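Undergrad: So that we are looking at the same thing, I have put the structure below in structure tokens.
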């Protein structure tokens, strides 16, 4: 684990103009040929990455099609093998019944056909696996999300580039700040608006610039509600010719956008965790001595109960509406809340429930979206023990 560096880096805001830009403008204004002026301007590294990606994209579709066709042929080869086995069984069965319809040549050919079909089926699987490995990953949906986050973690970076490939070259100009390339290692797996994949983050920098610290990344990811299964994140620093490369390897990151893409409308099972989390947060907010979660019991979609209080949903409903690609899902729940200890007044229970409800703002729920707004509504039962909670979640349908 490298130690945190506290040296003050030379900072340049992301998106600011490089020093060569102003020199270029002055030369053009002074009547110098634009072509000569352009020679002094260093090409952003993102352009070189884009050229490499374009080259990969030119061949990727054909490779993907070949792999798909090979995979589709596996079932046909397996059927041929099954048909050959059935024919061999018919030939052998005929002999066993004393029927000499088939000749010895027929038997030999049937056995050869089985062996041939088995070898073809096996070879087709090997060929399919080989072609699948040749298909390059061209998905960078997760690395784009991480690139947006890096602006906060490394605000002095000169460039932050999201890509699906490891750069073949090294940035030529690192004087204005580190150049960071986030490479997505494989196509992201999507589940209910979450994206999961491995990532490799490389920060090319001069020695006097501050290094990336994976602990800063972990803190930022956690604050966004993202997580690294198993905490599998590793870091090392490599030395180049006059520069350094900080490499952070994230075995898998599960993340989501501020407005996640959820491909289908939410179901009751998708919404149940929203209701269950509401119940739990209400109960957790009740002030009791010791561990607030001690003895708390809950189930998704149902109520929660603890030493201090309980929250039980008595009525629930939800509705998803679309406006273009934006989807808003409104979940309404009527809770019965009550104290479980003698000094749990109705006012204390209501305050705890209200405070707990507020913690849902910004939380992500797979298959539904991110909580955009939480409010209260009047319940059908006019009682201080009843509380109506409305949660609005936002997502994109495409």
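Undergrad: So what is the relative contact order of the range 187-269, in percent, for Cα pairs below 8 Å that sit 6 or more residues apart?
TA: On the way: 123 pairs, mean separation 34.4, N = 83.
After rounding, I find 41 percent.
Undergrad: So what is the 222 nm mean residue ellipticity for the chain from helices alone, if each DSSP H run of at least 4 adds -39500 (n - 2.57) and you divide by all residues, rounding to the nearest 500 deg cm²/dmol? The partial results should precede the final answer.
TA: Numbers: 8 runs with 152 residues, N = 398.
Result for the chain, helices only: -13000 deg cm²/dmol.
Undergrad: At a 10 Å Cβ-Cβ cut-off, how would you order 387, 63, 142, 165, fewest neighbours first? The partial results should precede the final answer.
TA: Working: 387 23, 63 15, 142 32, 165 18.
Listing 387, 63, 142, 165 from fewest to most nearby Cβ atoms yields 63, 165, 387, 142.
Undergrad: Another one. What Kirkwood hydrodynamic radius, in Å, does the range 268-396 give when the mean of 1/r is taken over all pairs of distinct Cα atoms and then inverted? Before the final figure, lay out the partial values.
TA: Details: mean 1/r = 0.0679 Å⁻¹.
Roughly 14.7 Å, rounded to one decimal.
Undergrad: Considering the convex hull of the alpha carbon atoms of the range 139-255, report its projected area averaged over all viewing directions, in nm², one decimal.
TA: 6.7
Undergrad: What FRET efficiency do you get for residue 152 and residue 328 if R0 is 25 Å and r is their Cβ-Cβ distance, rounded to the nearest 0.05? Kindly include the intermediate steps, with their values, before the conclusion.
TA: Working: r = 27 Å, r/R0 = 1.09.
FRET efficiency, residue 152 to residue 328: 0.35.
Undergrad: What is the spread of the Cα atoms of the chain along each of their three principal axes, largest first, in whole Å?
TA: Here the spans come out as 95, 81, 44 Å, largest first.
Undergrad: Percent of Cα-Cα pairs more than 29 Å apart in the range 56-206, please. Numbers along the way, then the final one.
TA: Values: 5585 of 11325 pairs.
Tail of P(r) above 29 Å: 49 percent of Cα pairs.
Undergrad: Here is a follow-up. If you find the alpha carbon centre of the range 206-266 and of the range 111-158, how far apart are they in angstrom?
TA: 22
Undergrad: Okay, next question. Just how many % of Cα pairs in the range 52-134 lie over 14 Å apart, if you round to the nearest whole percent? Mind showing how you got there, number by number?
TA: Working: 2348 of 3403 pairs.
It works out to 69 percent of all Cα pairs.
Undergrad: Defining a contact as two alpha carbons under 8 Å apart and six or more residues distant in sequence, what relative contact order in percent does the chain show? Let's see the in-between values first.
TA: Values: 728 pairs, mean separation 49.9, N = 398.
Across the chain, relative contact order equals 13 percent.
Rule-based calculations on the coordinates, nothing more; no lab input. Since the model is a prediction, treat every value here as computed from it, not as a measurement. Cβ coordinates were reconstructed from backbone atoms using ideal geometry, including for glycine residues, and neighbour counts include every protein chain displayed.
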